[in-house]
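The values are calculated or read from the model by the stated rules, or taken from the named source; none is laboratory data. If you're wondering where the values come from, they're calculated on a predicted model, not measured in any experiment. Neighbour counts run over all protein chains shown; Cβ positions are idealised from the backbone, glycine included. Areas reflect the complete protein model, heavy atoms only, side chains present, ligands, DNA and RNA absent. Shrake-Rupley method; radii C 1.70, N 1.55, O 1.52, S 1.80 Å.
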Protein chains: 2
Amino acid sequence: MAPDPPASRGPLRPAELDRTSPVPLYFQVASRLQELIEAGEIGVGDRIENEVDLAGRLGVSRPTIRRAIQYLVERGMLVRKRGVGTQVVHPKVRRPVELSSLYDDLVSADRKPRTEVLRLEVVPAPAEVATALELPDGTEVTWIERLRYAGGEPLALMHNAIPLGVIHLEASDLAAHGLYELLRRAGHQPRIATQVIGARSAGAAEARILAEKRGASLLTMTRTAWDAGGRALEYGSHVYRASRYSFELNLSAG
Amino acid sequence: MAPDPPASRGPLRPAELDRTSPVPLYFQVASRLQELIEAGEIGVGDRIENEVDLAGRLGVSRPTIRRAIQYLVERGMLVRKRGVGTQVVHPKVRRPVELSSLYDDLVSADRKPRTEVLRLEVVPAPAEVATALELPDGTEVTWIERLRYAGGEPLALMHNAIPLGVIHLEASDLAAHGLYELLRRAGHQPRIATQVIGARSAGAAEARILAEKRGASLLTMTRTAWDAGGRALEYGSHVYRASRYSFELNLSAG
DNA sequence: GTCAATACTTTGTCCTGACAAACTCACATG
DNA sequence: CATGTGAGTTTGTCAGGACAAAGTATTGAC
């Protein structure tokens with residue numbers, strides 16, 4: 001059997017880097033590496049070329065290569081060991097956690113979401129909401145109540161409060177898009193959030209709306225999200241039918 | 001009123017850095033900055049000294065300062081804006097997510113945890129567990145069932161599977177310590193995990209063990225955790241009394 | 001043969017220097 | 001007064017070099 005070609009040659013070519021692109025070089029390298037790993041061209045357990053050689057071969061400096069590798073290490077794809085090298089440990093990115101909306105998740109899972117806007121108005125924030133958003137008591141916020149369907153069945157009853165000035169919302173927008181998508185379009189990128197996930201039994205009204213029996217288990221989630229500037233973007237208090245939904249999280253600890 | 005001293009002087013002194021220490025300089029700077037922010041000496045909204053001046057004043061290079069600041073940016077304490085500066089946005093670290101055990105959480109909340117070990121034996125892994133741990137079907141694992149109390153009341157029923165060779169467990173250890181603490185002591189640092197959180201109603205047996213009524217809502221969590229080297233450490237399938245427990249998560253998106 | 005010392009490889013830390021890009025603000029211009 | 005132009009500030013990217021620390025493999029002594 002012929003021996004494998006030496007790993008030092010590697011499938012990453014200098015020609016793939018575009019120095020005229022506004023995309024940083026380190027990011028180009030990281031993206032390309034990620035592709036190769038996801039495509040299986042560099043398998044789990046394989047060691048990638050060492051930093052110095054890789055830098056020399058691609059014609060970039062070692063710090064640039066280090067930054068690219070660091071990026072993938074933080075995502076859990078690679079592991080570096082001093083004196084040993086850098087190894088692939090997982091074939092796909094494990095995002096530290098997905099800060100996305102239910103709507104986006106359902107779309108990507110092809111579960112055909114539909115949204116019914118039950119309420120959309122400006123009201124003074126209840127004390128609990130004001131505290132969560134770090135706003136003075138009684139500040140007005142946009143209050144939203146939505147019923148989210150998936151595959152024709154009700155899935156979740158969602159309540160949100162959004163500080164005025166963050167975004168102007170129309171019922172038609174909310175019916176057609178996820179809240180996070182609308183926020184992003186308005187230039188707000190949620191970056192930090194605190195969530196509390198719990199469970200309780202459905203009351204009569206909730207059960208009726210969600211087409212569950214009274215007393216059925218519901219998943220509850222309350223979340224407050226901030227943008228990169230520390231500005232509170234959204235408070236949400238949602239209930240999900242536990243029979244149809246669960247939260248999936250990928251965690252990584254420094 | 002006397003004006004505040006200019007921010008450019010700042011409370012960070014060159015003398016505080018120890019070049020003989022094995023602790024990297026960038027980490028010394030980051031730790032000290034974090035202390036100052038947590039102590040409120042640099043308040044939320046304040047801008048910290050710019051990188052070039054700070055580097056000059058502390059007698060280190062700009063990349064070192066950048067690395068220190070980057071460290072705190074990733075933790076959500078600071079925000080950088082090109083052309084503007086670096087600002088404090090949160091007075092305490094928001095850890096991306098806590099990869100810790102229930103036991104540790106209860107201890108720090110002073111809720112006096114107690115653990116009853118119901119089962120501890122080596123068994124062939126059920127198909128579902130083997131898949132989660134990425135082990136060949138039927139591989140033997142240590143199987144644990146524990147009942148966790150807090151404040152004298154039952155709180156959670158926990159099932160765990162741990163690959164042989166990761167750690168040798170005694171019932172007495174498990175009764176006195178959290179699983180994650182024992183893993184860390186054995187030199188295993190969980191770094192990446194996937195969790196699924198859901199809810200369902202208690203069956204008769206579960207209800208009896210957990211001192212709930214039949215049909216009460218329970219929170220469910222299944223988790224698989226890996227160490228930095230990509231080695232599977234633990235599979236867990238737990239149920240919590242929803243009336244007494246909820247998950248709190250701090251998320252951050254790149 | 002076993003084991004310890006040594007050489008080598010590879011990542012970790014740190015430095016200096018340079019230019020680019022984004023933002024702020026004062027100022028000139030219409 | 002409004003507006004945009006340009007200078008100044010600050011972070012973002014990148015280069016290239018140097019030495020330290022950790023792990024691996026080889027070599028040598030016993």
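Go over the candidates A:L12, A:L54 one by one and state the one that is surrounded by 13 or more Cβ atoms within 10 Å (Cβ to Cβ), at pLDDT below 85 and farther than 22 Å from A:L251 by Cβ.
A:L12
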Item to check | Residues of the range B:193-209 classified as touching a strand residue (DSSP E or B) at 6+ places or on another chain (Cβ under 6 Å) and without any contact (Cβ under 8 Å) to a residue 60 or more places away in the chain, total | outcome: 9
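Can you tell me how many residues within the range A:39-51 are open to solvent by less than 60 Å² (accessible area, probe 1.4 Å), under 26 Å from the mean Cα position of the chain (by Cα) and of a type outside the set (V, I, T)?
2
I'd like to know if the range A:16-31 contains one or more residues that are within 14 Å of DNA strand D (Cβ to nearest atom), open to solvent by less than 20 Å² (accessible area, probe 1.4 Å) and within 23 Å of B:I192 (Cβ to Cβ). Reasoning before the result, please.
Within the range A:16-31, the first condition is being within 14 Å of DNA strand D (Cβ to nearest atom), and the residues that meet it are A:16-31.
Still in the running and open to solvent by less than 20 Å² (accessible area, probe 1.4 Å): A:29-30.
Next, only the ones that are within 23 Å of B:I192 (Cβ to Cβ) stay: A:29-30.
Yes, the range A:16-31 contains a residue that is within 14 Å of DNA strand D (Cβ to nearest atom), open to solvent by less than 20 Å² (accessible area, probe 1.4 Å) and within 23 Å of B:I192 (Cβ to Cβ).
Hey, any hits in the range B:157-169 for a residue that's of a type outside the set (D, E), in contact with a Gly (Cβ under 6 Å, 6 or more places away or on another chain) and within 14 Å of chain A (Cβ to nearest Cβ)?
As a first pass, look at the range B:157-169 and keep what is of a type outside the set (D, E): B:157-169.
Cutting the leftovers down to in contact with a Gly (Cβ under 6 Å, 6 or more places away or on another chain) gives us B:160.
Remaining after also requiring within 14 Å of chain A (Cβ to nearest Cβ): none.
Scanning the range B:157-169, I find no residue that is of a type outside the set (D, E), in contact with a Gly (Cβ under 6 Å, 6 or more places away or on another chain) and within 14 Å of chain A (Cβ to nearest Cβ), so the answer is no.
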Checklist outcome for this item: Pairs returned, first residue in the range A:45-66 that is within 17 Å of A:R32 (Cβ to Cβ), second residue that is more than 11 Å from DNA strand C (Cβ to nearest atom) and at pLDDT 90 or above, beta-carbon separation under 6 angstrom, 6 or more apart or interchain, are A:V60/A:L25; A:T64/A:L25; A:T64/A:Y26
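Every residue, every condition in (1) within 22 Å of B:A242 (Cα to Cα); (2) open to solvent by 10 Å² or more (accessible area, probe 1.4 Å); (3) within 14 Å of the chain's Cα centre (by Cα), yes or no:
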| position | (1), (2), (3) |
| --- | --- |
| B:A176 | no, yes, no |
| B:E181 | no, yes, yes |
| B:G187 | no, yes, no |
| B:R191 | no, yes, yes |
| B:G198 | yes, no, no |
| B:E206 | yes, yes, no |
| B:A211 | yes, yes, no |
| B:G215 | yes, yes, no |
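Condition check ((1) modelled with pLDDT of 95 or more; (2) over 21 Å from the mean Cα position of the chain (by Cα)) across all residues:
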position	(1), (2)
A:L102	no, no
A:D105	no, no
A:S108	no, no
A:P124	yes, yes
A:A127	no, yes
A:T131	no, yes
A:D137	no, yes
A:R148	no, no
A:G152	no, yes
Next on the checklist: One residue is enough: does the range B:180-190 have a residue meeting the conditions modelled with pLDDT under 90, in the same structural domain as B:A130 (by TED's automatic domain parsing) and assigned to a strand (DSSP E or B)?
Outcome noted: yes
Next on the checklist: closer than 30 Å to B:P136 by Cα, open to solvent by 20 Å² or more (accessible area, probe 1.4 Å) and modelled with pLDDT of 90 or more: is that true of B:T220 in this structure?
Outcome noted: yes
Item to check | Output for the range A:239-251, where each listed residue is facing chain B (nearest Cβ under 7 Å) and modelled with pLDDT of 90 or more | outcome: A:A242
Next on the checklist: Can you go through A:G215, A:G230, A:G198 and tell me which one is part of a strand (DSSP E or B) and small (G, A, S)?
Outcome noted: A:G198
Next on the checklist: I'd like the full set of residues that are free of Cβ contacts under 8 Å to residues at least 24 places away in the same chain and within 14 Å of B:W226 (Cα to Cα), limited to the range B:168-184.
Outcome noted: B:R184
Checklist entry - Would you say A:V44 is at pLDDT below 90 and within 10 Å of DNA strand D (Cβ to nearest atom)? => result no
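Suppose we filter the range A:214-238 for residues that are at the interface with chain B (Cβ under 10 Å from one of its Cβ atoms) and either within 24 Å of B:V239 (Cβ to Cβ) or in contact with a helix residue (DSSP H, G or I) (Cβ under 6 Å, 6 or more places away or on another chain) (or both); how many remain?
Residues of the range A:214-238 that are at the interface with chain B (Cβ under 10 Å from one of its Cβ atoms), as a first pass: A:215-223, A:225-231.
When the remaining residues are screened for being either within 24 Å of B:V239 (Cβ to Cβ) or in contact with a helix residue (DSSP H, G or I) (Cβ under 6 Å, 6 or more places away or on another chain) (or both), the result is A:215-223.
Number satisfying all stated conditions: 9.
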Checklist entry - In the range B:57-82, which residue that is surrounded by fewer than 18 Cβ atoms within 10 Å (Cβ to Cβ) and more than 12 Å from every other protein chain (Cβ to nearest Cβ) is farthest from DNA strand C (Cβ to nearest atom)? => result B:R57
